[in-house]
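Okay, so here's the structure we're looking at.
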Amino acid sequence: MLILTRRVGESIVVGDDIVLTVFEVRGDAVRIGIEAPRSVKVNRKEIYEEIQRSNAQAVSSSDDAVDALRGALGTPADGAGPSAAGGDADPAGPRR
Amino acid sequence: MKHSTVGVSIERGTSEARSDLATGVSIERGTSLVSALPRTPTLPDQITFATPIPGFEDERDFTVSALDAHGVLYALRSAKTPGLRFVVAAPGRFFPDYAPLLDASDVSALGVADGDEVLLLVIVTVTNGITDATANLLAPIVIAADRGTAQQLVLADADLPLRAPLLRQAG
């Protein structure tokens, strides 16, 4: 890891188009300004990690629980209703 | 808004996307006002994540299949890993006020052009029972219907919940 010392008002350039600027240091908190193209995703690391965890939990959703959820929506669980395994992904479907 | 369809448009810059059901969004340049699309965009059968889903960097290709007849729940199944499946939902059924800010540059990875329609779906987690079902409103899945590309977009509004209770909202 590259570690640099910067003072308030000083910046770091990453690549050609990303600039990090130290705006304020107060106690153990540092305010950092980030200039980057909108296509570059900038996230607080803890939020990104939270989303990783949430995604990992999401894929472990059980089939039984998913079926129960479908039932709670008033979806026909069998019979005339379309199969859960069906490939029809038209959200317009029967909704009007 | 009174429409029953789900489309909305977004503007560049300080745009805001609004929709009763918030599943359809149109990318438009300039200063156009938020407006409803005439129809519900159709989900493609297959999608490819243009940027990886956090935590699933090796999974790019998914099939899309409806789980109900109402256009609410869908399964995204990995084309690569059998059994790897996300359940996603059109948010409007559960979160009628959910209208996140979207900007064309946020979804530039999708390769969308002005006027393209994108769909917004939220990832559902339901582990024990339906009462604990939650939806991730902070990082929805954005799908460019015409191109079959997708992206999990972390929205700038950090106040949006990562685990919003699903059914409490449905009443």
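What follows draws every value from the coordinates through simple rules; no lab data is involved. Keep in mind it's a predicted model, so treat the numbers as computed, not measured. We place every Cβ from the backbone using ideal geometry, glycine too, and count neighbours over all the protein chains shown.
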#### Entry: Net charge of neighbours whose Cβ lies under 11 Å from the Cβ of B:ALA158, counting Lys and Arg as +1 and Asp and Glu as -1
-3
### Cα radius of gyration and Dmax for the stretch A:9-58 (Å)
14.2, 42
### Summary
Ranked on Cβ counts within 10 Å of their own Cβ, fewest leading, A:GLU35, B:GLU117 go A:GLU35, B:GLU117
### Query
Taking only the alpha-carbon positions of the stretch B:56-171 and ignoring solvent, what does the Debye formula give for the base-10 log of I(q)/I(0) at q = 0.11, 0.13, 0.16, 0.18 Å⁻¹?
-0.36, -0.51, -0.78, -1.00
